Amino acid sequence: MKNGQQEMIRCAIYTRKSTDEGLDSDFNSLDAQREAAENYIRSQKHEGWCILPKRYDDGGFSGGNMERPALKELLKDIELGLIDCCLVYKVDRLSRSLLDFTELIGTFEKHDVTFVSVTQSFSTTTSMGRLTLNILLSFAQFEREIIGERIRDKIAAAKKKGKHTGGMPILGYDIKDHKLVINPSEAKTVKQIFRRFLILRSPMLVARELNDQGVKAKAWTTQKGKVHTGALWNKTSIHKMLHNRKYIGEITHHGTVYAGEHEPIIDRKTWEQAQAIFRENSHARSQRTRSTTPALLKDILKCGHCGGAMGITYSRSKSKQYRYYLCVSASKNGYDICPVKSVPAGDIESAVFENIREVLRSPEILAKAHLALQEEDNPPDPKAFAAALQDVDAVWDHLFPAEKARIFRLLLDQVTLNTDGIELHFTRCRAKLLAEELCPQCA
C-alpha cells in the first residue's frame, strides 16, 4: 500500500511455440497461452495486478536456446524497470534448458521481477516454488534430449535405407522429392574430374585445370531462396569430391557405409583406382620423395649453435640408406665443438611439417598474413586467403610430398635447429605467392 492505495504490479506475458505451424490462424497457440495468463492476472486484480499491453510472442523458436527476439525484448524491458511480474503458460515456454532457465531467474531476481507459471500454480517468491521449478525444468530438458535422440535415430534409420537426409546437394545431383537425382550435364563434369585425377594424381593440378577451363563448382538455391553461386575449385574441394561415396551410389553414417537409393555416377573400378592413389604405400612415397626432393630443408635449416648451414648427408647400413642434416661447421672443425651436430632428416622434416600445420590454425599467424598481404599492390581477399589456409590444414595428411614442400618453402625463410627444439622463421614477402598457390580466388 502507498498512501492507502494498492500498489500496482505490472505483469508481462511471454508466449512461445517451437514451430510456426498454425500461427496464421485467427486464434493460435500463442493467443491461447496469452488468454490463460490474462485470466490468471484478472484473478489477482485485488492484489494490484494489471496486464501490460505489449506482447512478447516468439512463434517458431526453440526453447533450447536464448536466441529469441521476443525474449530479448522482454529482458530489455525488465532491465529498464518496466516489468514487475513475468507470466508464462508453462515453464518450458520460457526455456527448456536448465542452465538458461537458471540465468533467466537470476536476471528476474536481480530486478525484483516475480516469475509465475499459470498452469503449474507456483512462483519464485517462495523457496518451494523455486525447487519445484528446477524439478519441472529438469524434466523439460530431459524431454528435449529425448526428442533429439529420436531425430538422430530417425536420420540413422533413413540412411540405413540409403535415403538422402538433407544438406546441400553435391555436383552431379539435384534434389527432387527429397531424393538425389542425377544431373546429366554435371555428371559429365564429375566423370571428367575422376578421369583427370587418375592421370594427374594431384587434387591441386585438377583444380587448376578446372579453373583454367572456367568450370565452376555446384551452384544451388536453398528452400528459402538464398542463392549459392558456383565457386572456384581448390585442392580441398577436389579432395572431398574424390572421397564422396555418394558418387558410387552409397550413403555413409558415422563411418558405416550403406547402399543408397540413388543411381551412381562413377563406376567401382574408377573409384578404387582413385582411392588407391590416396592409399599409396607410404614407403614408396618416401622413396620417391628422396629422389625428387632429397633435402626439403636445403639452404633453409641452420644450426642454432653457430648459425651456420646444415647440409644433407647419407649413411648406409646393409641395403638401407639413411639421411641426416649435418652442421657444416661441425663436419669441418670437429663434432665435439657443436652440441647440435646432426639430426635424422625424416625426424626434422616431420617436426617442421607438424609445426606448419599448427601454425595454419593460428589466428595470430592469419592476422600477420593479412597484414603482409595488404602491403601488396593488389592484395587478395583476406577471408579467401584464411579459408584457403584452413583448407590446407584439413587435407594436410593427404597432400603429396612435393605439394607440402612447395607450401613449406613459400611459408618459411629459415628453420633454426637448437638442442632443445626448432624455431620457424616465417616469410612475409611471399605472402601473395602463397595466397595465389592456395586459392585461385586470391590470384
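The values are calculated or read from the model by the stated rules, or taken from the named source; none is laboratory data. As the structure is a prediction and not an experimental result, all values here were calculated from the model. Here the Cβ is made from the backbone with ideal geometry for all residues, glycine too, and neighbour counts use every protein chain on show.
Going through (1) surrounded by 14 or more Cβ atoms within 10 Å (Cβ to Cβ); (2) modelled with pLDDT of 90 or more one by one, Glu272 falls short only on (1). Filtered by the rule that a residue be under 23 Å from the mean Cα position of the chain (by Cα) and free of Cβ contacts under 8 Å to residues at least 12 places away in the same chain, the stretch 203-221 gives Ala219, Thr221. Of the strands (runs of 3 or more DSSP E) lying entirely inside the stretch 49-99, those containing at least 3 residues that are touching a Ser or Thr at 6+ places or on another chain (Cβ under 9 Å) and touching a residue at least 40 places away in the same chain (Cβ under 8 Å) span 56-59, 85-88. Within the stretch 342-366, take every residue that is under 13 Å from Leu424 (Cα atoms) and β-branched (Val, Ile, Thr) and give me the one that is modelled with the lowest pLDDT. So the residue we want is Ile365. With respect to the conditions (1) crowded, with 19+ Cβ neighbours inside 10 Å; (2) of a type outside the set (S, T, N, Q); (3) at pLDDT below 90, Arg16 falls short on a single one, namely (3). You will find that of Val215, Val206, the residue that is surrounded by 14 or more Cβ atoms within 10 Å (Cβ to Cβ), in contact with a Ser or Thr (Cβ under 9 Å, 6 or more places away or on another chain) and either aromatic (Phe, Trp, Tyr) or over 18 Å from Lys163 (Cβ atoms) (or both) is Val215 and no other. Counting the residues of the stretch 96-126 that are at pLDDT 85 or above and crowded, with 17+ Cβ neighbours inside 10 Å gives 8. On inspection, Ala388 passes the criterion of being at pLDDT below 85, surrounded by 19 or more Cβ atoms within 10 Å (Cβ to Cβ) and under 38 Å from the mean Cα position of the chain (by Cα). Is one or more of the residues making up the stretch 155-170 of a type outside the set (Val, Ile, Thr) and under 30 Å from Val116 (Cα atoms)? Looking for residues that are of a type outside the set (Val, Ile, Thr) and under 30 Å from Val116 (Cα atoms), one finds none in the stretch 155-170, hence no. Would you check which residues across the stretch 227-257 are in contact with a strand residue (DSSP E or B) (Cβ under 6 Å, 6 or more places away or on another chain) and crowded, with 17+ Cβ neighbours inside 10 Å and list them? Result: Ile251, single match.
Residues in the stretch 305-330 that are assigned to a helix (DSSP H, G or I) and either among the charged types (D, E, K, R) or modelled with pLDDT under 80 (or both): there are none.
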